[in-house]
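Q: Can you keep this structure in mind? I'll have questions shortly.
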Amino acid sequence: MANWTMRKRLVGSGVAIGLAVALLGGAGTAEAQLGRPGAAAPVTYTNHWEMFGGITFADFQAGQAIPERMNLGGVEFNGTRWLTGRWGATVDFRGDAGTTEILPNPYEKNRALVYREAIMGGGQMRWLKNQYAAVNLHAFGGVSHGNFEEGIVAAPQEVGLYTNRTKPYVALGGSLDFNRTAYLAIRLSPDLILEDYGTELREYFGLSGGVVYRFGQRAKKKK
């Protein structure tokens with residue numbers, strides 16, 4: 001059931017990105033027909049740097065035997081250096097927390113607090129763009145550290161939780177940037193999260209939303 005739920009969420013994210021791409025492709029035609037401007041100033045995407053900050057949502061399973069997935073909420077920050085108009089290198093940080101059900105135990109506890117932090121690096125590709133919006137694709141990889149013993153009186157493994165550990169962590173996804181000015185945009189970014197805190201690789205859904213700030217102009221190539 002969990003895998004089926006995950007597939008539905010991923011399909012929904014794909015449909016959302018597909019609709020965004022269709023709208024982006026048609027935006028230029030609508031602008032020409034209606035004479036309606038996009039952002040206040042021309043958006044040239046010639047920025048050298050880009051900073052993103054926002055809030056995140058993700059699901060997670062905090063123990064190998066815990067049957068129910070939990071919800072995590074937190075923050076995400078990343079910085080990108082655009083090497084060209086299409087390719088960029090990114091460093092990404094995420095921190096989130098939430099409560100999860102635990103296995104039956106004699107300690108009269110039925111939920112525990114879990115939090116984790118992830119640091120990743122990787123690349124972004126600016127796939128489609130116009131005056132109104134841009135669609136980016138990204139692949140980030142790094143490590144995530146999880147804390148599973150906050151607020152419980154037992155050892156984590158006694159109630160079905162993982163022990164505190166640091167494991168590989170991967171985020172594959174895309175983002176849709178709605179331009180407000182040449183320098184500011186609103187971003188919505190779904191992700192497929194891969195991790196192996198337990199004995200197998202598991203897949204989760206992540207979603208973040210926030211503000212992008214672009215700055216610094218890339219040097220023009222000499223003719």
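Yes or no, residue by residue, for (1) within 22 Å of the chain's Cα centre (by Cα); (2) part of a loop (DSSP other than H, G, I, E, B):
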position	(1), (2)
MET120	yes, no
GLU149	no, no
ALA154	no, yes
GLY174	yes, no
ILE186	yes, no
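Q: Would you confirm, using the coordinates I've provided, whether ALA30 is surrounded by fewer than 16 Cβ atoms within 10 Å (Cβ to Cβ) and either in contact with an Asp or Glu (Cβ under 6 Å, 6 or more places away or on another chain) or modelled with pLDDT under 50 (or both)?
A: Judged against the criteria, ALA30 is a match.
Q: Right, here's the next one. Give me a count of the residues in segment 92-118 that are touching a Gly at 6+ places or on another chain (Cβ under 7 Å) and assigned to a loop (DSSP other than H, G, I, E, B).
A: Counting residues in segment 92-118 that are touching a Gly at 6+ places or on another chain (Cβ under 7 Å) and assigned to a loop (DSSP other than H, G, I, E, B) gives 2.
Q: With the condition kept exactly as written, say whether any residue in segment 79-87 is more than 21 Å from the chain's Cα centre (by Cα), of a type in the set (Phe, Trp, Tyr) and surrounded by fewer than 15 Cβ atoms within 10 Å (Cβ to Cβ).
A: no
Q: So which pairs qualify, if the first residue must be in segment 173-197 and surrounded by fewer than 17 Cβ atoms within 10 Å (Cβ to Cβ) and basic (Lys, Arg), the second must be in a strand (DSSP E or B) and modelled with pLDDT of 95 or more, the Cβ gap must be under 9 Å, and the two must be at least 6 apart or on different chains?
A: ARG180/ILE186; ARG180/VAL211
Q: Every residue in segment 179-204 that is hydrophobic (A, V, I, L, M, F, W, C), more than 17 Å from LEU137 (Cβ to Cβ) and at pLDDT 95 or above, please.
A: Within segment 179-204, LEU184, ILE186 meet the criteria.
The values are calculated or read from the model by the stated rules, or taken from the named source; none is laboratory data. Note that this is a predicted model, so its numbers are computed, not measured. Note that each Cβ is placed from the backbone with ideal geometry, even for glycine, and that neighbours are counted across all protein chains shown.
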